[in-house]
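Just so you know, all these numbers are worked out from the coordinates, no wet-lab data involved. This structure is a prediction, so every number in the text was calculated from the model and none was measured. Here the Cβ is made from the backbone with ideal geometry for all residues, glycine too, and neighbour counts use every protein chain on show.
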Amino acid sequence: MKIARPELSVWVATGDGDLLSIGGNHFIHACRKNIDLNILLFNNKIYGLTKGQASPTSEFGKVTKSTPYGSVDNPFNPTSVAIGADATFVARALDRDAKHLQKMLKRAAAHKGTSFIEIDQNCVIFNDGAFSKLTDKETKDDNVVYLEHGQPLIFGKNKDKGIVIENARPKVVDLNDGKYTVDDLWVHDEFDENPIRAFILAHMTDHPDLPTPLGVFREVQHPTLDESIQKQIDDVTKMKGEGSLESLLFSGNTWTVE
């Protein structure tokens, strides 16, 4: 018996509210089981389709129609949730950076297992400017760091800022002050099996003085759900033989009804 696999990649596109609230249980278990599925989370930090209520990614204190005095909920960090659920491919991109987004989509499609991309998306009607620091020409270079495997974390308009790790915490340093060089910077390793590096990167958005990482946070290779099921079927078949419907029906406890 062989499990039929789809010829094309399966994609699921959803908003931050649907995936992290209504679909939260399905999401974490899809990641846990490593289903061969590509998940795109469009994060605009608001319930846009239902007219502007606070969502699971809305900032603490966010004033919306459903939180007129400010949200008292701490927001989910979508990338961190995916890493915590052990998704084997986790990335972040911006809707306005089409070239980089295209690259992330191709990487996700090529990955075997659960791939997750957080796509930060502006909601012009109900949450305009939520990611303006990351997209505006005047500010984006100083607020975004692109992750490239094997490369140091460098950013800034003049590529003169970097990220180092001190006491297990990321820190911005100036490469012009003579205290640090490129050799001191954190070198990205997206293939690290240990998720700690990816967690640190995901939570850089918790600190306003740190840039937002974009790119692939983590890609590891684990057996997919269908591969594990197929292996189990093959192992049991090898041990017990092919079997038949008749032998199954007449195995174990049977009764003759007259």
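Normalising the average separation of contacting C-alpha pairs (under 8 angstrom, six or more residues apart) by the number of residues puts the relative contact order of region 140-216 at 35 percent. Of the cross-linked pairs 33/157; 99/159; 112/137, those separated by over 31 Å at the C-alpha level are 33/157; 112/137. Label-to-label distance, residue 148 versus residue 165, with points set 7 angstrom from Cα along the beta-carbon direction: 2.1 nm.
For n ≥ 4 DSSP H runs only, could you compute -39500 (n - 2.57) per run for the chain, divide by its residues and tell me the 222 nm figure to the nearest 500? When only DSSP H runs of four or more count, the value is -6500 deg cm²/dmol. Here the calculated FRET efficiency for residue 254 and residue 191, from their Cβ-Cβ distance with R0 = 51 Å, stands at 0.45, rounded to the nearest 0.05. Per residue of region 188-205, what does 6.51 cos²θ - 1.76 cosθ + 1.60 with θ = phi - 60° give for ³J(HN,Hα)? Whole Hz please, x for Gly and Pro, Karplus curve as stated. Result, rounded to whole Hz: 6, 10, 6, 9, 5, 5, 6, x, 4, 4, 5, 4, 4, 4, 4, 8, 5, 6. Taking the DSSP bridge list for the chain and keeping only pairs wholly inside it, about 40 percent are antiparallel. Evaluating kT/(6 pi eta Rh) at 25 °C and 0.890 mPa s, with the Kirkwood radius of region 94-215 over Cα pairs in the Stokes-Einstein relation, gives 157 µm² s⁻¹. Label-to-label distance for residue 73 and residue 21 is 0.5 nm, based on points extended 7 Å past Cα in the beta-carbon direction.
Going through [x] 18.6, 57; [y] 23.0, 94; [z] 19.4, 74, the figure that equals Rg and Dmax of the Cα atoms in Å as computed for the structure here is [y].
On the beta carbon distance between residue 246 and residue 112, with R0 = 41 Å, the FRET formula returns roughly 0.65. Within straight-line reach of residue 51, meaning a Cα separation under 16 Å, sit the following lysines at least 8 residues removed in sequence or on another chain: 62, 65.
Sorting 255, 186 by the number of Cβ atoms found within 10 Å of their own Cβ, with the fewest placed first, yields 255, 186. Computed from phi, the 3J(HN,Hα) profile of region 134-142 under the Karplus parametrisation 6.51, -1.76, 1.60 (θ = phi - 60°) reads 8, 10, 5, 4, 6, 10, 4, 4, 8 Hz, with x in place of Gly and Pro. Modelled this way, with points 7 Å down the Cα-to-C-beta line, the labels at residue 235 and residue 53 are 4.5 nm from one another. With θ taken as phi - 60° and the Karplus curve 6.51 cos²θ - 1.76 cosθ + 1.60 applied, the whole-hertz 3J(HN,Hα) list for region 238-249 is 5, 7, 10, x, 5, x, 8, 4, 5, 5, 5, 5 Hz, x standing for glycine and proline.
Efficiency by 1/(1 + (r/R0)^6): what FRET value for residue 11 and residue 176, r their Cβ-Cβ distance, R0 = 41 Å, to the nearest 0.05?
So the FRET efficiency works out to roughly 0.40.
Just to confirm the number: angle between the C-alpha axis of helix 98-110 and the first principal axis of the chain, 0 to 90 degrees, nearest 10? With both axes taken from Cα atoms, the answer is about 20 degrees. About the centre of its Cα atoms, the chain shows a dipole size close to 400 debye [charges on the beta carbon of Lys, Arg (+1) and Asp, Glu (-1) only; nearest 20 debye].
By the count of other C-beta atoms within 10 Å, a proxy for reagent exposure, 191, 126, 116 are ordered fewest to most as 191, 126, 116. Looking at region 144-243, the GluC sites (Glu not before Pro) that sit in a DSSP loop and have at most 14 other Cβ atoms within 10 Å of their own Cβ are 148, 193, 242. This ranking places 171, 240 by how few other beta-carbon atoms lie within 10 Å of each, fewest first, which gives 240, 171. Dipole magnitude for region 141-222: computed about the Cα centre from +1 point charges on Lys and Arg Cβ and -1 point charges on Asp and Glu Cβ, it is near 120 debye.
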